[in-house]
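The values are calculated or read from the model by the stated rules, or taken from the named source; none is laboratory data. Predicted model, so just to flag it, every value in this text is computed and none were measured. We place every Cβ from the backbone using ideal geometry, glycine too, and count neighbours over all the protein chains shown.
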Amino acid sequence: MPYKILEGKKGVIFGALDEHSIAWKSAEEISEAGGQFVLTNAPVAFRMGTIEKLGKSTNSLIIPADATSMEDLQNLIDKTLNHFDSKLDFILHSIGMSVNVRKGKEYKNLNYDWMTKGWDISAVSFHKLMQTLYNKNAMNPWSSIIALTYIASQRTFPNYNDMADNKAYLESIARSFGYFFGKEKKVRVNTISQSPTITTAGKGIKGFNGFINYAEKMSPLGNASAEDCAKYIVTMFSDYTKKVTLQNLFHDGGFSNVGVSQDIIDLFDEA
Ligand SMILES: NC(=O)c1ccc[n+]([C@@H]2O[C@H](COP(=O)([O-])OP(=O)(O)OC[C@H]3O[C@@H](n4cnc5c(N)ncnc54)[C@H](O)[C@@H]3O)[C@@H](O)[C@H]2O)c1
């Protein structure tokens, strides 16, 4: 029986597309821990995904919103505040998309309209969301806002393409907005840098299988799964992490601090 460490807490979860999504697993874990939430995703995702199923199983209201649209975000937050008749305790931004990745454009030959679109969805949407929450005074003191990121923001991974730049921007927004949210409203803002994970967004990266196997062999604890990530998010939304803010938190089985592992050395020795 899981601990009900989110009992009485209310929030919004962005980005549950299907049962592989990190946001989907997070919704299930948050619900198990006693949290209540509104689920949201881009209107187009309702055609591609299965979010209604998750809405039913977690007894959650679903409100479509394109996270790049200020109008949609304002509507979402107004309706959510109304629905709960209270301010919010947690927000999960689990959104990422690169049109260049999706259409197979290499980093050396980017389409800049697509780059701008992907940047807006993957990074600027986090600012738009926080600005909406801030101006509506929607967050309770000691509430927690999390966005998901990947280590390609800080180290080079050739096939991560323009998503690397989007993630660097996203992590910076977390620190910059997190300062004001902390100082003025006692709200914490962090990013979680997750292991490669088999999801719709993850599988879009060229050579993803090689990528994930390499990370598995490099990480002393092995890759963190979507379920592991969901559990970590529960702790970050709980009162046990009240003074953690402005951090990029690596949730990657140790990958980020390993130069080379013995497993990888052995592979080359054998060769
Ligand atoms: N899968 C990985 O390997 C991995 C690793 C580290 C970090 N992440 C990050 O985790 C987050 C969740 O991705 P995932 O792996 O669960 O994949 P996913 O494809 O299941 O989730 C991505 C979500 O973004 C949503 N989205 C796209 N455009 C949107 C828009 N305009 N408005 C609102 N929502 C929009 C999609 O509908 C989808 O639900 C992303 O930020 C991703 O970059 C993923």
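How many residues are more than 16 Å from the ligand (Cβ to nearest atom) and part of a helix (DSSP H, G or I) if we restrict to the stretch 162-189? Write out each step before concluding.
Taking the stretch 162-189 and keeping what is more than 16 Å from the ligand (Cβ to nearest atom), we get 175-188.
In the following step, the residues that additionally are part of a helix (DSSP H, G or I) were identified as 175-185.
Here the count works out to 11.
Let me spell it out: the conditions are (1) at pLDDT below 95; (2) assigned to a helix (DSSP H, G or I), and residue 205 meets all of them except one. Which number is the exception?
Only one criterion is unmet by residue 205, namely (2).
Say we look at the stretch 40-85 and pick out the residues that are farther than 20 Å from residue 234 by Cβ and polar (S, T, N, Q); which of these is farthest from the ligand (Cβ to nearest atom)?
82
In the stretch 70-126, which helices (runs of 4 or more DSSP H) lie fully inside it and hold 3 or more residues that are touching a Leu at 6+ places or on another chain (Cβ under 9 Å) and of a type in the set (A, V, I, L, M, F, W, C)?
Values: elements: 70-84, 99-102, 112-119.
Here the list reads 70-84.
Tell me yes or no: at least one residue of the stretch 22-35 is surrounded by fewer than 23 Cβ atoms within 10 Å (Cβ to Cβ), in a helix (DSSP H, G or I) and within 12 Å of the ligand (Cβ to nearest atom).
There is no residue in the stretch 22-35 that is surrounded by fewer than 23 Cβ atoms within 10 Å (Cβ to Cβ), in a helix (DSSP H, G or I) and within 12 Å of the ligand (Cβ to nearest atom).
Counting just the residues of the stretch 27-39 that are among the aliphatic types (A, V, I, L, M) and within 18 Å of the chain's Cα centre (by Cα), which one comes out nearest to residue 237 (Cα to Cα)? Steps first, please.
Going residue by residue through the stretch 27-39, those that are among the aliphatic types (A, V, I, L, M) are 27, 30, 33, 38-39.
When the remaining residues are screened for being within 18 Å of the chain's Cα centre (by Cα), the result is 27, 30, 38-39.
Values: 27: 12, 30: 9, 38: 15, 39: 16 Å.
Here the residue is 30.
Which one is nearest to the chain's Cα centre (by Cα), of the residues in the stretch 1-21 that are within 14 Å of the ligand (Cβ to nearest atom), of a type outside the set (Asp, Glu) and farther than 23 Å from residue 78 by Cβ? Talk me through it step by step, then tell me what you get.
Looking only at the stretch 1-21, we keep the residues that are within 14 Å of the ligand (Cβ to nearest atom), and these are 12-21.
Next cut, of a type outside the set (Asp, Glu) only: 12-17, 20-21.
Restricting the remaining residues to those that are farther than 23 Å from residue 78 by Cβ gives 17, 20-21.
Values: 17: 12, 20: 13, 21: 10 Å.
The residue in question is 21.
May I ask you to verify whether residue 159 is within 13 Å of the ligand (Cβ to nearest atom) and crowded, with 23+ Cβ neighbours inside 10 Å?
Working: within 13 Å of the ligand (Cβ to nearest atom): yes; crowded, with 23+ Cβ neighbours inside 10 Å: no.
Criteria not met by residue 159.
Scan the stretch 194-209 residue by residue and report those that are under 15 Å from residue 21 (Cα atoms) and either surrounded by fewer than 15 Cβ atoms within 10 Å (Cβ to Cβ) or near the ligand (Cβ under 6 Å from one of its atoms) (or both).
194, 196, 197, 198, 199, 200, 201, 202, 203
Let me confirm something: among 14, 46, 84, which residue is crowded, with 22+ Cβ neighbours inside 10 Å and of a type in the set (Phe, Trp, Tyr)? Talk me through it step by step, then tell me what you get.
Details: 46 fails: crowded, with 22+ Cβ neighbours inside 10 Å; 84 fails: crowded, with 22+ Cβ neighbours inside 10 Å.
Testing whether each residue is crowded, with 22+ Cβ neighbours inside 10 Å and of a type in the set (Phe, Trp, Tyr) leaves just 14.
Which condition number does residue 144 fail, the rest of (1) away from the ligand (no atom under 15 Å from the Cβ); (2) in contact with a Pro (Cβ under 9 Å, 6 or more places away or on another chain) being met?
For residue 144, the exception is condition (2).
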